[in-house]
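*Asks:* Below is one structure. I have some questions about it.
The values are calculated or read from the model by the stated rules, or taken from the named source; none is laboratory data. Everything quoted here is computed from the prediction, not taken from an experiment. Neighbour counts run over all protein chains shown; Cβ positions are idealised from the backbone, glycine included.
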Amino acid sequence: MTVAVVVVGLFALPRAMPGDPIDSLARSGGGEITDPRIHAQLQAYYGLNRPLVAQFFHHLANLSRGDLGFSISQRQPVGHLIAARLPWTLLLAGTALVFSTLFSFFAGIAAGWRRGSRRDQALIAVTSATAAVPVYALATVLLITLAIVWPVFPLSGARTPFVQGGTPFTTAVDVARHLALPATALTLSLAGANFLLVRSSVVSGLGQDYLVLARAKGLPERLLKHRHAGRNALLPYLTVVGIQVGFALGGAIFVESVFAYPGMGSLILEAVRARDYPVLDASLLVLAMVALTANLAVDLLYQRLDPRVESWEGVAVSRRPRPAPMTPSVDR
Amino acid sequence: MTAGPPVLSVDDLRVTYPGPPELRALDGVSLQVSAGECLAVLGESGSGKSTLARVLLGVAADARVEGTVRLGESDLQGLNEKGWRAVRWRRIALAPQSTASLNPVLRVGLQLAEPQQVHLGRSRSDSDARSVEALGQVGLGDWAVDRYPSQLSGGQKRQVLLALALVCDPDVIVLDEPTSGLDPVVRNQVIATLSQLVRTDGRALVLLGHDVEAMAALADRVAVLYRGWVAETGPATRVLRQPRAPFTWALLNARPTLASLKELRGIRDGLASPDAAQLAAGCPFVDRCTQAVDACSTERPGLAAPEGEDGQRLVACLRGGLVTILRARDLHKSYRVGRHRSDAAVDGVSLAVRHGEVVGVVGATGAGKSTLAALLVGLLPPDQGTVCLDGQDLAAIGPADLRRARRRIQLLFQDPFEALSPRLTIGDAVREPLDVQKDGDPHWREERVRIEFSAVRLPTDASFLARRSHELSGGQLQRVALARALVLDPQLLVADEPFSMLDPSEQANLLQLLKRLQVERGMAMVLVSHDLAVVMRTADRILVLDRGRVVEEGTGTELLISPQHPVTRSLLAAAGRDRVFAGFTAPESPER
């Protein structure tokens, strides 16, 4: 159901934009098609003269065969384009997601556990700021300070161009150096809201009976903090992280364009400029699928982790507590 | 019950939750419990029991704690977190009341194993073995260790919490309402397990709650807590069977039993808000107590041995514990029949009525009930014997004192037509006692009359007050008579067959009204009737009268289940007992 809505939406959206791919193609060549016959001929060549509905079903038929179409502006199969770009975006968004998730979680627990402390207040101030600033502005600030003013990190791209060979290690370092700034920008922008969420769920758990009892049991602070408070904060957090995959991918598109990072973001941006419908359709669809898959994965994980999600029917069939037997039973 | 040195001793513990307004949860509580002993702390909800439990474990978050808590040789007050960690669970453990105390996202097995791993260095498998054993002791199978709390019922969670308190074999176990929410079978098993812990393993138990039956079964000593203040303490059997503090009596009196016939009423609500009373100077119970005197609101009573006690039991009450408001000793009254014969209507009756207590007097027609009622209120002089109101012999005091005494004791007659003068309007009839006693100014008296009319659920408009007795129905008229009896705010009401002329519906209404007014105003009452069913629903204690003598005495439940005297049995039969309890015969016993 979700997939169907996504496919239709992504098909309709680019075509609702003014302009058409033929004009863009011609403009990119420096000219303009003045002869309407040639225009019509080109339209027919790309199948753009057919009714939208027919185009849609053609598109659908292609999709079902695993064919993502052929780029009008770049003259190669869309599948190839995406295969070259997607890994970079996944690397960028994935790195940012992992770091922001881990940072927010541990910083959130630390801050919430000592609510009102200096550290808590400092973290709140910083994360609120980074969450409030748009991600491209954050990226631009990082770019200017750490790549131009103090050129610690490379300015753009994902790898240093024209470098051939090199050990896997030097390649990895090169990739990491290029990744550092974009990933930092994205991490910071994702971390803000997450941090506040974890912190507030830790704070709301502080006075709970189970924490009082855990403390009364004489457990050391780290167990209280991470096992008892942390586990309870983790679960609502996971759902949010699942939703954040979409945000991370969206943010990645902006960040990529700032750093000229060769990922899906740049591809989409180029396709928008060229009104390259097949590229737009396919790349947006792929990103949407990535986000949906991530959400599904998180939901499944959540069900495994949170005992409370278990449906009552499931309990009735398999794990309903038996009436307490007077002698210890062995059927565990 | 000779206990060794206390393993846990609490001295003058004061716990205040920061405000505003500040809340004093515990106010000068002192308790001791020794190894192999069970101390029960009995109290209403909100009496500070759970605060006490938290303070004993050092987890009373932001509360200010003063006083000393000693565990064995060590002083727990002033311990830092590290010091507390060494004490918690290894030496003192807690089974809290709230089932939300189990972490919802951790398996029961892990939560049971945690303290064992941390404090005793047990491996997880050793811990699990002990956990399973402890779960078995409280009636749960080993399947429970694999469960999450959400997969357990409320009662099962409570069992897990109990097992959790046992796993590290601490010296002292604090149990907050350990038996609430358990089904009877599990409850009995839990009690048996706890009993074994105390008697065989020599653990010290602190049992917090209001399950009197469990306390009677387990506790050696009982401390009664009211709003953070100890009202009574002493050996369990004595405190629970014969309470001496007004609060203990009132609390136990409101408790249902299996065959409660009495219409249960809680202790009357206080007038002041709890917080205000908390820090006020006087007795914390003063606004709900039926025997409070002026000094009670200014002076806080400390624990002291009441009269006739050996010092094991202590009661905190300025009046020295429960006070008997009316005590009749060996009353005799005969009516002359003919020249040389006299008939003994009342023949050696003694009875005592406490403040706030309802005593029923039942008997067949001609048993001497009405004569007894008249003797009690001083309408008739006894041939022999005394009637004392608050220790004053009514026959021996002067007229001024007698008049003062009269206003504290009122009589409600069987027949309101006879009791109310047809010449007076009903408003005047109710005001008359105030006029006689010269209370207040006329305006105040009018207001008072209206208050009483509204208290007995009658209209208070002038046209109604101007009616005369023949214009009212029997039920309305009996209410007017009740208003007249209540207008002086008596401490004792003697009601002689007040319902016998009313139809069942009117009787039920008036019965409930009377009981409610009795509780709200904290009056004592002597209810005289031939109708055992009515008396059983109202009275705390019942006397059976036959030919001028008390032949049996007990609570309604006792009389219903095991009536001893033939007269009681015949009264019960008349009330339809044998139809209700078909095939059930009371144990025969020799007549007394």
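*Asks:* Tally the residues that are surrounded by fewer than 19 Cβ atoms within 10 Å (Cβ to Cβ), of a type in the set (A, V, I, L, M, F, W, C) and within 18 Å of the chain's Cα centre (by Cα), restricting the search to the stretch A:223-246.
*Replies:* Within the stretch A:223-246, residues that are surrounded by fewer than 19 Cβ atoms within 10 Å (Cβ to Cβ), of a type in the set (A, V, I, L, M, F, W, C) and within 18 Å of the chain's Cα centre (by Cα) number 3.
*Asks:* Out of all the residues in the stretch A:262-282, which are under 16 Å from A:Pro87 (Cβ atoms) and outside any helix (DSSP H, G or I)?
*Replies:* Hits for the stretch A:262-282 are A:Pro262, A:Gly263.
*Asks:* While we're looking at this one, here's another question. Restricting to the stretch B:150-163, name every residue that is under 16 Å from B:Leu182 (Cα atoms) and facing another protein chain (nearest Cβ under 10 Å).
*Replies:* Once the filter is applied, which keeps residues that are under 16 Å from B:Leu182 (Cα atoms) and facing another protein chain (nearest Cβ under 10 Å), the stretch B:150-163 yields B:Leu152, B:Ser153, B:Gly155, B:Gln156, B:Gln159, B:Leu161.
*Asks:* Exactly one of these conditions fails for A:Leu211: (1) over 23 Å from A:Gln303 (Cβ atoms); (2) more than 12 Å from chain B (Cβ to nearest Cβ); (3) hydrophobic (A, V, I, L, M, F, W, C). Give me its number.
*Replies:* Single failed check for A:Leu211: (2).
*Asks:* May I pose another question? From (1) surrounded by fewer than 18 Cβ atoms within 10 Å (Cβ to Cβ); (2) acidic (Asp, Glu); (3) in a strand (DSSP E or B); (4) in contact with a Pro (Cβ under 9 Å, 6 or more places away or on another chain), pick out the condition that doesn't hold for B:Asp27.
*Replies:* The number of the failed condition is (1).
*Asks:* Would you confirm whether or not the stretch B:158-169 contains a residue that is surrounded by fewer than 21 Cβ atoms within 10 Å (Cβ to Cβ) and assigned to a loop (DSSP other than H, G, I, E, B)?
*Replies:* The answer is yes; a qualifying residue exists.
*Asks:* Something else: Filter the stretch B:500-517 down to the residues that are surrounded by fewer than 23 Cβ atoms within 10 Å (Cβ to Cβ) and closer than 21 Å to B:Ser370 by Cβ, then identify the one that is nearest to the chain's Cα centre (by Cα).
*Replies:* B:Leu511
*Asks:* Of all the residues that make up the stretch B:111-149, how many are assigned to a loop (DSSP other than H, G, I, E, B), out of contact with any Leu (no Cβ under 8 Å at 6 or more places or on another chain) and within 9 Å of chain A (Cβ to nearest Cβ)?
*Replies:* 3
*Asks:* Considering only residues that are of a type in the set (Asp, Glu) and either under 18 Å from the mean Cα position of the chain (by Cα) or in a strand (DSSP E or B) (or both), which ones fall in the stretch B:177-230?
*Replies:* Residues satisfying the conditions are B:Asp211, B:Glu213.
*Asks:* Can you go through B:Val174, B:Val186 and tell me which one is facing chain A (nearest Cβ under 8 Å), farther than 26 Å from A:Leu235 by Cβ and in contact (Cβ under 8 Å) with a residue 24 or more places away in the chain?
*Replies:* B:Val186
*Asks:* Scan the stretch B:422-456 residue by residue and report those that are within 21 Å of B:Met501 (Cα to Cα) and loosely packed, with under 13 Cβ neighbours inside 10 Å.
*Replies:* Scanning the stretch B:422-456 gives a single hit, B:Pro422.
*Asks:* So, restricting to strands (runs of 3 or more DSSP E) that lie completely within the stretch B:329-440, which ones have at least 3 residues that are out of contact with any Asp or Glu (no Cβ under 6 Å at 6 or more places or on another chain) and at pLDDT below 85?
*Replies:* In the stretch B:329-440, the matching strands (runs of 3 or more DSSP E) lie at B:341-354.
*Asks:* Next question, about the same structure. Where the second residue is part of a loop (DSSP other than H, G, I, E, B) and the first is closer than 22 Å to B:Arg319 by Cα and lies in the stretch B:390-405, which pairs have Cβ atoms under 8 Å and are six or more apart or on separate chains?
*Replies:* Short answer, once both residue conditions are applied: B:Asp390/B:Val323; B:Leu394/B:Gly378; B:Ala405/B:Gly378; B:Ala405/B:Leu394; B:Ala405/B:Ile397.
For (1) within 14 Å of the chain's Cα centre (by Cα); (2) under 25 Å from A:Thr187 (Cβ atoms); (3) within 14 Å of chain B (Cβ to nearest Cβ), each residue gets a yes or a no:
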| residue | (1), (2), (3) |
| --- | --- |
| A:Ser204 | no, no, yes |
| A:Glu221 | no, no, yes |
| A:Ser257 | no, yes, no |
| A:Tyr277 | no, no, no |
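*Asks:* Are any residues in the stretch B:121-174 under 25 Å from A:Pro220 (Cα atoms) and of a type in the set (Val, Ile, Thr), and if so, which ones?
*Replies:* B:Val132, B:Val145, B:Val160, B:Val167, B:Val172, B:Ile173, B:Val174
*Asks:* Would you confirm whether or not the stretch B:123-138 contains a residue that is closer than 29 Å to B:Tyr17 by Cβ and out of contact with any Phe, Trp or Tyr (no Cβ under 9 Å at 6 or more places or on another chain)?
*Replies:* Within the stretch B:123-138, none of the residues are closer than 29 Å to B:Tyr17 by Cβ and out of contact with any Phe, Trp or Tyr (no Cβ under 9 Å at 6 or more places or on another chain).
*Asks:* Which one of these is in contact (Cβ under 8 Å) with a residue 40 or more places away in the chain and within 14 Å of chain A (Cβ to nearest Cβ): B:Leu42, B:Leu56, B:Leu23, B:Leu8?
*Replies:* Of B:Leu42, B:Leu56, B:Leu23, B:Leu8, the one residue that is in contact (Cβ under 8 Å) with a residue 40 or more places away in the chain and within 14 Å of chain A (Cβ to nearest Cβ) is B:Leu56.
*Asks:* Let me ask something else. Scanning the stretch B:68-94 for residues that are more than 8 Å from chain A (Cβ to nearest Cβ), hydrophobic (A, V, I, L, M, F, W, C) and part of a loop (DSSP other than H, G, I, E, B), which turns out nearest to the chain's Cα centre (by Cα)?
*Replies:* Among residues in the stretch B:68-94 that are more than 8 Å from chain A (Cβ to nearest Cβ), hydrophobic (A, V, I, L, M, F, W, C) and part of a loop (DSSP other than H, G, I, E, B), the one nearest to the chain's Cα centre (by Cα) is B:Leu76.
*Asks:* Sticking with this one: Quick one: is B:Glu357 without any contact (Cβ under 8 Å) to a residue 40 or more places away in the chain, under 23 Å from B:Phe247 (Cα atoms) and not assigned by TED's automatic domain parsing to the domain that holds B:Asp11?
*Replies:* no
*Asks:* May I pose another question? If I filter the stretch B:36-62 down to residues being in a helix (DSSP H, G or I) and out of contact with any His (no Cβ under 9 Å at 6 or more places or on another chain), which single residue comes out as nearest to B:Trp84 (Cα to Cα)?
*Replies:* Selected residue: B:Leu57.
*Asks:* Suppose we filter the stretch A:56-93 for residues that are closer than 21 Å to A:Val6 by Cβ and touching a residue at least 24 places away in the same chain (Cβ under 8 Å); how many remain?
*Replies:* 16
*Asks:* Sticking with this one: Do we have any residue at all in the stretch A:199-209 that's more than 30 Å from B:Arg85 (Cα to Cα) and free of Cβ contacts under 8 Å to residues at least 24 places away in the same chain?
*Replies:* Looking through the stretch A:199-209, none of the residues is more than 30 Å from B:Arg85 (Cα to Cα) and free of Cβ contacts under 8 Å to residues at least 24 places away in the same chain.
Residue-by-condition table, conditions (1) farther than 12 Å from B:Val174 by Cβ; (2) at pLDDT below 85; (3) out of contact with any strand residue (DSSP E or B) (no Cβ under 7 Å at 6 or more places or on another chain):
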| position | (1), (2), (3) |
| --- | --- |
| B:Gly19 | yes, yes, yes |
| B:Val29 | yes, no, no |
| B:Gln32 | yes, no, no |
| B:Leu42 | yes, no, no |
| B:Leu56 | no, no, no |
| B:Arg70 | yes, no, no |
| B:Glu81 | yes, yes, yes |
| B:Arg88 | no, no, yes |
| B:Pro96 | no, no, no |
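*Asks:* Shifting gears a bit: Looking at B:Val65, B:Val33, which one is surrounded by fewer than 22 Cβ atoms within 10 Å (Cβ to Cβ), part of a strand (DSSP E or B) and touching a residue at least 40 places away in the same chain (Cβ under 8 Å)?
*Replies:* Exactly one residue qualifies, and that residue is B:Val65.
*Asks:* For the stretch B:296-323: of the residues being free of Cβ contacts under 8 Å to residues at least 40 places away in the same chain and not in a loop (DSSP other than H, G, I, E, B), which is nearest to B:Thr248 (Cα to Cα)?
*Replies:* B:Ala304
*Asks:* Among what's in the stretch B:95-110 and is closer than 20 Å to B:Ala53 by Cα and in a helix (DSSP H, G or I), pick the residue that is farthest from the other protein chains (Cβ to nearest Cβ).
*Replies:* B:Thr99
*Asks:* Please find, among B:Ser562, B:Ser529, the residue that is under 23 Å from B:Phe417 (Cα atoms) and hydroxyl-bearing (Ser, Thr, Tyr).
*Replies:* So the residue among B:Ser562, B:Ser529 that is under 23 Å from B:Phe417 (Cα atoms) and hydroxyl-bearing (Ser, Thr, Tyr) is B:Ser529.
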